[in-house]
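Below: the structure, in structure tokens.
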Amino acid sequence: MSSWSHRHVIDLAAFSEGDFATVLALAQRFRSLPVSGARKLPALQGRLMTTLFFEPSTRTRSSFELAARRLSADVQTFSPASSALSKGESLLDTALTYVAMGADLLVVRHRCAGVPRGLALALEAAGTSVSVLNAGDGLHSHPSQGLLDLFTLARHFQPDAPTPEALRGRRIVIVGDILHSRVARSNLWALTACGADVVFCGPPTLLPEAFASFLDAPPPGLQRDPVPQRGQLHLCRRLEDALPGADAVMTLRLQKERMQQHLLTSLDTYHRLYGLSHERLALCGRPVPVLHPGPVNRGVELAGRLLDDPQRSLVDEQVRNGVPVRMALLYLMATRDGGDGGQLA
Ligand code: NCD
């Protein structure tokens, strides 16, 4: 198993195939822990994780907090509305306040792309040893979501051995508001690194043609791609053309809060053209699972009956898998032991 070299986790574009294998193996190990009773591991005893969420969250923040507690870390939650930010304190000074209290790891969500990376660099420059984990920045990146989706798919295809190889040669269709989705971008880096082909499907307003060359240049901030050979990315305008041959379909929330102008004629039209249902999925030609990162606009991105169908919907499974995947990330960042479990006993 490869060693862990990432002090911060900002973007899955920086992950090698070995990094993905390490996270998946450790997540599988954590997932198999009993779900009640003695489910806490002492691994991060004495460590402090602080969540700094400047954007709303239901799943991600609670999932990180539960993951940290299951590893016996202390947890602190920053609430922007009741904080000194309203008195003019800068984000860096807020972060340094938590570092002074002993935070080892800051989990940061912000509506502006680049904030977690900027904060990580500023905290390094300030001489601290704290790590920053990006919990979603604007439309840029959401690495823990990309990893939990990868883990969920790998477990679906190979329940007993959810390795990156489980994704090789698969066709994964991602439908909807690609333009505003950090989840789509993180999934793209993760899935193609594991050898899957990704099809982005959506109307031109939510899936600009420029996405076609998204994987061509080295990932942002890197001289070269850490993955020598990736799966391919295809763009598709019509769901009817995207679905045949798919191995799994992920649909995304319409991110109305990020839309600068009217990009949709109506929600009804969107549902008619891009909404998922049992009938639509029949076009895949075989029974395929459906994923959604949540929160779901029921009846818009997918029909309620499909969302509630445990035979087809992996949405609850994604939420469940979020905890062991985040445990793996926290463990790796805090211990850098490469996931061979040296410090797990
Ligand atoms: C996503 C996010 O915040 O980017 N949600 C999540 O973390 N589960 C997707 C979304 O908000 O639509």
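FYI, it's all coordinate maths here, none of it is from the lab. Computed from a predicted structure; not experimentally measured. So basically every Cβ, Gly included, is an ideal-geometry build from the backbone, and we count neighbours across all protein chains shown.
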Under the Karplus curve 6.51 cos²θ - 1.76 cosθ + 1.60, θ = phi - 60°, whole-Hz ³J(HN,Hα) for the stretch 164-170, x wherever Gly or Pro sits: x, 4, 4, 9, 4, x, 7
Rounded FRET efficiency, nearest 0.05, which uses the C-beta distance separating L264 from A210 and R0 of 22 Å: 0.70
Scattering profile of the chain at q = 0.16 Å⁻¹ [log10 I(q)/I(0), Debye over alpha-carbon scatterers]: -1.47
Global size of the stretch 164-235 as Cα Rg and Dmax, reported in angstrom: 11.9, 34
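With N residues in the stretch 82-192, what two-decimal value do you get for its Cα radius of gyration over 2.2 N^0.38 Å?
Working: Rg = 17.4 Å, N = 111, 2.2 N^0.38 = 13.2 Å.
Expressed relative to 2.2 N^0.38 Å, the Cα Rg reads 1.32.
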Between 0 and 90°, nearest 10: helix 115-125 axis offset from the chain longest Cα axis: 30
Rg/Rg_globular for the stretch 94-159, with Rg_globular taken as 2.2 N^0.38 Å and Rg from C-alpha atoms: 1.36
Helix axis angle, 91-100 relative to the chain longest principal axis, alpha carbon, degrees: 50
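What dipole magnitude, in Debye to the nearest 20, does the stretch 143-315 give about its Cα centre under +1 on Lys/Arg Cβ and -1 on Asp/Glu Cβ? Numbers along the way, then the final one.
Working: 19 positive and 17 negative charges, 20 e Å.
Roughly 100 debye, rounded to the nearest 20.
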Cβ charges +1 (Lys, Arg) and -1 (Asp, Glu), total dipole of the chain, debye: 500
Rounded tilt (10° steps) of 17-31 against the dominant C-alpha axis of the chain: 80
Hydrodynamic radius of the stretch 27-128 per Kirkwood, over alpha carbon pairs, in Å: 14.9
Virtual spin-label span in nm between D309 and N297, 7 Å along Cα→Cβ: 2.2
Inter-site label distance for D160 and E279 at 7 Å from Cα along Cβ, in nm: 4.1
Value of Rg/Rh across the stretch 188-321 [Cα atoms, Kirkwood radius]: 0.97
